[in-house]
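Structure first, then comments.
The values are calculated or read from the model by the stated rules, or taken from the named source; none is laboratory data. From a predicted model like this one, the values you see are computed outputs, not experimental measurements. Glycine also receives a Cβ, built like all others from the backbone with ideal geometry; neighbour counts cover every protein chain displayed.
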Amino acid sequence: MSSSSIWVPIAAALAVVCAAVLAVIARSSTFGIAVGVVSIACISIVYSAVLSAERARRAGGGTGTGTTDAGSLVEAMEQLAKGEKSDISAVPEDFAGPLSRLADRIEELKRETQELRARDEVTSLGNEWVFDNVLWREFNRAERYDAAMSVVLLEIVGLSDLKAAKGEEQANSVLKNVASLVLQMIRETDFAARYDYDRIIVIMPATDKQGADEFTERFRRALQEDTANLQEALEEVSILIGAACVPEEGTKTAPQLVQKAAEALDQAKGAAGSGSQD
């Protein structure tokens, strides 16, 4: 088998590996087009190297210079496929520039993907994984400096029934509007995340029980005033709120504080079910 016939399947295999790795990195349709572009670039660069190596081999009467150059390029591509920093110092000059730009674009995709993974796809709020990290950080900070901290838990009661009756798009629309209202009302130092299917949770550093109560009251008023987006939805769902604070609750761990907020939410459900106001 000639050197060119060996390099072609190697090049194709490398291109597929690069495409697969990038797809795993992206894990989102948001980067579908970008992944496709980068994959095509991988294929183009390696295929060009194969042709260059074959021409060099023929021009040199069978010497191994072209094959060596192609080998350096393939090695650099393998480093990219493994997520490692690519060494392009030995890569043929014609391909060093495109390969460097490709490596930079892969790094950009990695950074963008990390940011995307930190957000819930429907609401653009933080997701539970990020929430857990922020919760522990703020809880430890409050404990260290003997400061106040509050957790506010909101539940859209009836959201699952709305989804079953009118479809996922309608349910997601309600989620987005509630999340948008929450984001409008919290401070820059607060952090809001989607928590379970029908819940939104807010971490409020340096906020005592009075501050948490004031927030819940303002949110209730805002719900009634947000006629453009939520008034119709509120005929089919209701939004209940529970809050917990340190040091009032006396909790020793961050999850205990969230549990206290969940218990307060359950109390609000009980009050709503009995027809009284919470």
Practice problem: Specify the residue that is modelled with the highest pLDDT; the eligible residues are those in region 229-239 that are more than 29 Å from the chain's Cα centre (by Cα) and either at positive phi or part of a loop (DSSP other than H, G, I, E, B) (or both). | Solution: 236
Quiz item: Which of the following residues is surrounded by fewer than 18 Cβ atoms within 10 Å (Cβ to Cβ) and over 28 Å from the mean Cα position of the chain (by Cα): 196, 213?
Solution: 213
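Being within 23 Å of residue 184 (Cβ to Cβ), crowded, with 20+ Cβ neighbours inside 10 Å and at pLDDT 85 or above narrows it down to one of 222, 243, so name that one. Steps first, please.
Values: 222 fails: crowded, with 20+ Cβ neighbours inside 10 Å.
Among 222, 243, only 243 is within 23 Å of residue 184 (Cβ to Cβ), crowded, with 20+ Cβ neighbours inside 10 Å and at pLDDT 85 or above.
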Exercise. Return the only residue of 208, 226, 266 being within 29 Å of the chain's Cα centre (by Cα) and not aromatic (Phe, Trp, Tyr).
Key: 226
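Do the conditions hold for residue 176, that is, is it farther than 26 Å from residue 204 by Cβ, modelled with pLDDT of 70 or more and not small (Gly, Ala, Ser)?
Values: farther than 26 Å from residue 204 by Cβ: no; modelled with pLDDT of 70 or more: yes; not small (Gly, Ala, Ser): yes.
Criteria not met by residue 176.
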Quiz item: Which residues, taken from region 118-169, are touching a residue at least 12 places away in the same chain (Cβ under 8 Å), under 18 Å from residue 187 (Cβ atoms) and exposed (fewer than 15 other Cβ atoms within 10 Å of the Cβ)?
Solution: 124, 141
